[in-house]
Number of protein chains: 4
Amino acid sequence: MNQAIQTNQLNPYAIQLCALGRWIVQRQWLPFGSGLFSVRTAEHSALFTSTDKDKGELSPADLVPYHWTSHDQTDTATAVHQFLYQINPHHKVVLQTHSMQATVFSCLIKADQHLFVGYQLQNLVAISESQRNCCPLAILDPQNAELTLQELHQRFERETLPHAFLIRGHGLYVWGDSIDSAKRHLETWQFLIGCELERIKASCHFNS
Amino acid sequence: MNQAIQTNQLNPYAIQLCALGRWIVQRQWLPFGSGLFSVRTAEHSALFTSTDKDKGELSPADLVPYHWTSHDQTDTATAVHQFLYQINPHHKVVLQTHSMQATVFSCLIKADQHLFVGYQLQNLVAISESQRNCCPLAILDPQNAELTLQELHQRFERETLPHAFLIRGHGLYVWGDSIDSAKRHLETWQFLIGCELERIKASCHFNS
Amino acid sequence: MNQAIQTNQLNPYAIQLCALGRWIVQRQWLPFGSGLFSVRTAEHSALFTSTDKDKGELSPADLVPYHWTSHDQTDTATAVHQFLYQINPHHKVVLQTHSMQATVFSCLIKADQHLFVGYQLQNLVAISESQRNCCPLAILDPQNAELTLQELHQRFERETLPHAFLIRGHGLYVWGDSIDSAKRHLETWQFLIGCELERIKASCHFNS
Amino acid sequence: MNQAIQTNQLNPYAIQLCALGRWIVQRQWLPFGSGLFSVRTAEHSALFTSTDKDKGELSPADLVPYHWTSHDQTDTATAVHQFLYQINPHHKVVLQTHSMQATVFSCLIKADQHLFVGYQLQNLVAISESQRNCCPLAILDPQNAELTLQELHQRFERETLPHAFLIRGHGLYVWGDSIDSAKRHLETWQFLIGCELERIKASCHFNS
């Protein structure tokens, strides 16, 4: 057993991340082999899930240590995780998932964000008082890693994102300062997105 | 172990309420940390769930005793529970849940109530003979505790509500004279609301 | 232990019916306390579920023996079961269920039947060669027991029903010559009804 | 125990196929008794599921050995399996399933194929670079075995199909070079089809 694997197994976050993977797969928010999870281990490093492992069957030894000082990332998903760790030292966990609802919602909304209004549960993801009333979910178009990070920078300059954003057709990213908060943000956003999608489907009845 | 916890653990309703919490979370009618349950313990007191506990993992020791003679409530959900206990001594259990269907339905219907007609299962929640044929579900707009209670008073003066009402975007409230009856009312209203939502989504086909 | 209970427990169909109840409740095709199941025990008698038992927790001792030679039925659901046993000696099991899809479908379709065309699985419920191509599902309006039986008589005179019919807002009735065949007919009709409901919801896109 | 049964039980693919059956039935992609699975055993032979067995309860002894050199197939589903094994020696597993989404989708789309665009998960089923951007799912009309194979030949001459096609109202066929890859293709196509169906249902809101 090598050093990295030993370290992972002593990291309580790594064990919790594997348990969270099973919870997410059970809800069918992660079709076969998709998605990317990570958990911060130090200022410039994190443990990442490997792409070819079913996230419903993760063990800590399956997580891969990664240091971002050494190299530029060309894979968009990995680059986004790294960006989210670098923009705020309190970001400890990042999750990319592929639920059907989030995917459909991101393809359906043509604007570059969608405003959520009137849901009590917005409170659980809002960063500011104004987001409690009107909570924006950013939707980016899929691009290469460099352009995606440029656009994320611009979005964060305007306003801190409420713990989540979508890449159109490429999944939902959520983050938090602990496994529990990342899970809460994921569950809340899945609820809000699911509600909006149902509302849109039902509202054609009232339009016609 | 203090007095309160001992009392809870001897209250068979407290144990049943925790089991009901697991049943409700399993159906995904309670996203992370949301909702409020209570069970009456005496004329002026009840046990409440605490806001930060996952209702799928409740134990009787997690329930908080509450006496409403001593103070005014500023939290709307707690005030609504108290109001329902005070309006009728037979109300023994109150549940606030946040299912996706109830939330979407409450945001979709702009009127202050919706009439359910033609469902055999209306029988399970109707208070009167006329509600068996036409069962109204009240929908309130979210407001502060005082205005919400004023409006509830006015609604109950017109007609006894059929064991449930909605606050738009803020969940479904149901109650009963036992854990079992509250559970039956919750399941029946989830069924009726779910049916109406599907009917609305499908009926645009016949309108266009 | 009385005679009736002993007899039930020796009836292998009674045990299978209880197992089927758990399977149906698990699929959420039976909201709280609803539905009625029965299994034939002789030419003029059957075992019925009692109305106040959760069908997910049935044991053979919960089944109630019933002989229809002695009295007229005023409860519509019981009268329908009796009618189905009397019209054909091969009918051994009758199930009334309340799935959301069947309920919505029965309220949505205003005609007195709906024709299913183009589904391979129609083969599993068709009575005749023509029903394999075009399978009619009868939809009756809710009425008292006497009028319901009159209408059922008329429907069966025109054509043998494909192991099922709907009462609008009052559930789906299916039957078979064994527990297994009744289960197959239930699952197949749930599939066909679910498909049509989805097709209707999606087809407004193509109409508009 | 006869020779065939012994051979099946020594075939590790046969055991995996039975486990996959349970996984598929759990997702309700196989209503009662429907569907056909097979796994290649040699150049001209495979093990097939028998039509009357519940695929959620398969054991290796339930699989039937089949050699296609000896006879012409008149059953369309079996003929399609045989065709897929003959067209490419790397095809090791073929699955026909009947999910509600795939069935509805195949009935809804009137064209002879549907193009999937903008989903990251297209990568998991694409055969060529161009399919990563625009992935066609062929939809055949139900016909007899001979005409179905003729049409499949023509489709494969134009372009290698991305591990799947639909027969309208008659299910989804997927295949792979191992149990794992067939499962991945099934799960991915279920996801893509489900997304498109939801997108279509929601988009009438934007059209009207």
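Report those helices (runs of 4 or more DSSP H) wholly inside segment A:117-208 carrying at least 2 residues which are closer than 30 Å to D:Asn133 by Cα, in contact (Cβ under 8 Å) with a residue 12 or more places away in the chain and within 13 Å of another protein chain (Cβ to nearest Cβ). Spell out how you get there, then give the answer.
Working: elements: A:129-133, A:145-158, A:179-207.
Because the criterion is at least 2 residues that are closer than 30 Å to D:Asn133 by Cα, in contact (Cβ under 8 Å) with a residue 12 or more places away in the chain and within 13 Å of another protein chain (Cβ to nearest Cβ), the helices (runs of 4 or more DSSP H) in segment A:117-208 that meet it are A:179-207.
Quick one: count up the residues across segment D:69-100 that are assigned to a loop (DSSP other than H, G, I, E, B), within 14 Å of chain C (Cβ to nearest Cβ) and touching a strand residue (DSSP E or B) at 6+ places or on another chain (Cβ under 8 Å).
2
For segment B:103-116, name all the residues that are within 14 Å of chain C (Cβ to nearest Cβ) and part of a helix (DSSP H, G or I). I'd like the intermediate steps shown before the answer.
Initially, segment B:103-116 is screened for residues within 14 Å of chain C (Cβ to nearest Cβ), giving B:105, B:115-116.
Result: B:Phe105, single match.
Kindly state which strands (runs of 3 or more DSSP E) lie completely within segment A:10-68 and contain at least 2 residues that are surrounded by 18 or more Cβ atoms within 10 Å (Cβ to Cβ). Walk me through how you get there before you give the answer.
Details: elements: A:36-42, A:45-48, A:64-67.
Per the criteria, A:36-42, A:45-48.
Any idea which of A:Thr160, A:Thr148, A:Thr188 is modelled with pLDDT of 95 or more, among the β-branched types (Val, Ile, Thr) and closer than 22 Å to A:Thr76 by Cβ? Quick ask: steps written out before the conclusion?
On the way: A:Thr160 fails: modelled with pLDDT of 95 or more; A:Thr188 fails: closer than 22 Å to A:Thr76 by Cβ.
The conditions single out A:Thr148.
Yes/no matrix, rows are residues, columns are (1) among the acidic types (Asp, Glu); (2) under 21 Å from C:Gln16 (Cβ atoms); (3) modelled with pLDDT of 95 or more:
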residue: C:Ser59; (1), (2), (3): no, yes, no
residue: C:His67; (1), (2), (3): no, no, no
residue: C:His71; (1), (2), (3): no, no, no
residue: C:Thr76; (1), (2), (3): no, no, no
residue: C:Asn88; (1), (2), (3): no, yes, yes
residue: C:Met100; (1), (2), (3): no, no, yes
residue: C:Ser106; (1), (2), (3): no, no, yes
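Quick check on this structure: which one of C:Leu152, C:Leu172 is buried (at least 19 other Cβ atoms within 10 Å of the Cβ), in contact with a Leu (Cβ under 6 Å, 6 or more places away or on another chain) and not basic (Lys, Arg)? Can you show your working first?
Working: C:Leu152 fails: in contact with a Leu (Cβ under 6 Å, 6 or more places away or on another chain).
Result: C:Leu172 is the single residue among C:Leu152, C:Leu172 that is buried (at least 19 other Cβ atoms within 10 Å of the Cβ), in contact with a Leu (Cβ under 6 Å, 6 or more places away or on another chain) and not basic (Lys, Arg).
For D:Gln120, work out the one condition from (1) surrounded by 15 or more Cβ atoms within 10 Å (Cβ to Cβ); (2) within 29 Å of A:Pro142 (Cα to Cα); (3) at pLDDT 95 or above it doesn't fulfil.
(3)
For the list (1) buried (at least 17 other Cβ atoms within 10 Å of the Cβ); (2) modelled with pLDDT under 95, I need the number of the one condition that D:Leu197 fails.
Here D:Leu197 clears every test but (2).
Residue by residue through segment D:62-77, note down the ones that are small (Gly, Ala, Ser) and within 22 Å of D:Pro31 (Cα to Cα).
Step one: list which residues in segment D:62-77 are small (Gly, Ala, Ser), which gives D:70, D:77.
Within segment D:62-77, just D:Ala77 meets the criteria.
If you go through segment A:26-37 one residue at a time, do you hit one that is away from chain D (no Cβ under 14 Å) and under 17 Å from the mean Cα position of the chain (by Cα)?
Here is the first cut: in segment A:26-37, the residues away from chain D (no Cβ under 14 Å) are A:37.
Now drop any that are not under 17 Å from the mean Cα position of the chain (by Cα), which leaves A:37.
There is at least one residue in segment A:26-37 that is away from chain D (no Cβ under 14 Å) and under 17 Å from the mean Cα position of the chain (by Cα).
The values are calculated or read from the model by the stated rules, or taken from the named source; none is laboratory data. This structure is a prediction, so every number in the text was calculated from the model and none was measured. A quick note on method: Cβ atoms are made from the backbone with ideal geometry, for glycine too, and the neighbour counts reach across all protein chains shown.
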